[in-house]
């Protein structure tokens, strides 16, 4: 997921993630995982804020997971 620079810090990323999680639940998924560059602190903060937790690290990529 990406949010253009001019649209950042307005809650759009948070709303998109909540909608993705909501749709995944409605579609019967039990978990959702994602990978993010470990240096992308803003994205990691957003994902934690929406319920994702650290799962593992592979090189420069952190995998995060949420149980629905």
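The values are calculated or read from the model by the stated rules, or taken from the named source; none is laboratory data. The structure displayed is predicted, hence computed values, not measured ones. As a convention, Cβ positions derive from the backbone with ideal geometry for all residues, glycine included, and neighbour counts pool all protein chains shown.
General observations
- The set of residues in segment 1-27 being over 13 Å from residue 66 (Cα atoms) and within 12 Å of the chain's Cα centre (by Cα) consists of 1, 2, 13, 14, 15, 16, 19.
- Scanning segment 49-68 for residues that are within 17 Å of residue 18 (Cβ to Cβ) and in contact with a strand residue (DSSP E or B) (Cβ under 8 Å, 6 or more places away or on another chain) gives 50, 51, 52, 53, 64, 65, 66, 67, 68.
- Within segment 28-42, tally of residues that are at pLDDT 95 or above and within 11 Å of the chain's Cα centre (by Cα): 5
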